[in-house]
1. Could you look through region 121-132, keep only residues that are within 20 Å of the chain's Cα centre (by Cα) and surrounded by fewer than 17 Cβ atoms within 10 Å (Cβ to Cβ), and pick out the one that is farthest from residue 63 (Cα to Cα)?
2. For residues that are in contact with a strand residue (DSSP E or B) (Cβ under 8 Å, 6 or more places away or on another chain) and under 19 Å from residue 219 (Cβ atoms), scanning just region 157-175, find the one that is surrounded by the fewest Cβ atoms within 10 Å (Cβ to Cβ).
3. Looking only at region 176-208, count how many residues are touching a strand residue (DSSP E or B) at 6+ places or on another chain (Cβ under 7 Å), more than 14 Å from residue 154 (Cβ to Cβ) and in contact (Cβ under 8 Å) with a residue 60 or more places away in the chain.
4. Please work out which one of (1) farther than 20 Å from residue 207 by Cα; (2) outside any helix (DSSP H, G or I); (3) at pLDDT 95 or above is the condition residue 110 fails and give its number.
5. Identify, by number, the condition in (1) on the phi < 0 side of the Ramachandran plot; (2) out of contact with any strand residue (DSSP E or B) (no Cβ under 9 Å at 6 or more places or on another chain) that residue 121 doesn't meet.
6. When residues of region 157-171 are filtered for being in a loop (DSSP other than H, G, I, E, B) and more than 11 Å from the chain's Cα centre (by Cα), how many remain?
7. Within region 140-156, which residues are outside any loop (DSSP other than H, G, I, E, B), out of contact with any strand residue (DSSP E or B) (no Cβ under 9 Å at 6 or more places or on another chain) and buried (at least 16 other Cβ atoms within 10 Å of the Cβ)?
8. Just to be sure before I move on: is residue 24 outside any strand (DSSP E or B), modelled with pLDDT of 95 or more, buried (at least 17 other Cβ atoms within 10 Å of the Cβ) and out of contact with any strand residue (DSSP E or B) (no Cβ under 9 Å at 6 or more places or on another chain) in the structure I sent?
């Protein structure tokens, strides 16, 4: 399928006169890391992984790819155990991060991890299916990562991964309401700052939870935002397993992102 050509617009002209947003995003990320480090969680959470801190080097290399006035800011839920929890990159399947994104870097082992969920950084041999599917779509749609990031960026709403005593991955939507409320304050603030800096045309939730959190967090912001949603690439989704990429690519073409 031929790749869509992008026409130059006033958005591009504004972008060229401004500094790249990477340094501003680093400030947002580090503030979010500090704020969420002060939170505490009760059972069933036994371990909390904070890749914005221990995988800071590759995470901030990813932030340096960002551009302003993009077509779409994709919002994920939180780090996956074999993706961002290892690399610091949203949907950060290791082969995709090293290959298409051309990012590598030091990842420090957190002090408190579950033996079934070690943090091995780029030495991890497990593959994250969600990340493989997500970045495969964009590597197939764009010739280079630079072309890709002229159009889009990705941010996980919650920067923490949660693991139970048995080693099971716990998503933020499964936490008690009080703990979710505590997470929402710093995560909402970071998302609002991210949108203000990048000025996306669309905010696209990767799955229903991410879209709902984005709509709620941005509801009181000064600027109006257009929202959309794509199917989550998780292998736990039967619909995703029936052919995630063609379905999502068609939707993104309809939205003018591809």
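1. Going residue by residue through region 121-132, those that are within 20 Å of the chain's Cα centre (by Cα) are 121-122, 124, 126-132.
This time we only want the ones that are surrounded by fewer than 17 Cβ atoms within 10 Å (Cβ to Cβ), so: 126-127.
Working: 126: 24, 127: 22 Å.
The residue in question is 126.
2. Checking each candidate, the answer is 172.
3. 1
4. Here residue 110 meets the rest and fails (3).
5. The one condition residue 121 does not meet is (1).
6. Here is the first cut: in region 157-171, the ones in a loop (DSSP other than H, G, I, E, B) are 157-160, 165-168, 171.
From what is left, the residues that are more than 11 Å from the chain's Cα centre (by Cα) are 160, 165-168, 171.
Residues in region 157-171 being in a loop (DSSP other than H, G, I, E, B) and more than 11 Å from the chain's Cα centre (by Cα): 6 in total.
7. Let us first name the residues in region 140-156 that are outside any loop (DSSP other than H, G, I, E, B), namely 140-141, 145-149, 152-156.
Cutting the leftovers down to out of contact with any strand residue (DSSP E or B) (no Cβ under 9 Å at 6 or more places or on another chain) gives us 140-141, 145-149.
Correct list: 141, 145, 148, 149.
8. Numbers: outside any strand (DSSP E or B): yes; modelled with pLDDT of 95 or more: yes; buried (at least 17 other Cβ atoms within 10 Å of the Cβ): yes; out of contact with any strand residue (DSSP E or B) (no Cβ under 9 Å at 6 or more places or on another chain): yes.
Yes; evaluated as a whole, the condition is true for this residue.
The values are calculated or read from the model by the stated rules, or taken from the named source; none is laboratory data. Here the structure is a predicted model, which is why all the values come from computation and not from measurement. Neighbour counts run over all protein chains shown; Cβ positions are idealised from the backbone, glycine included.
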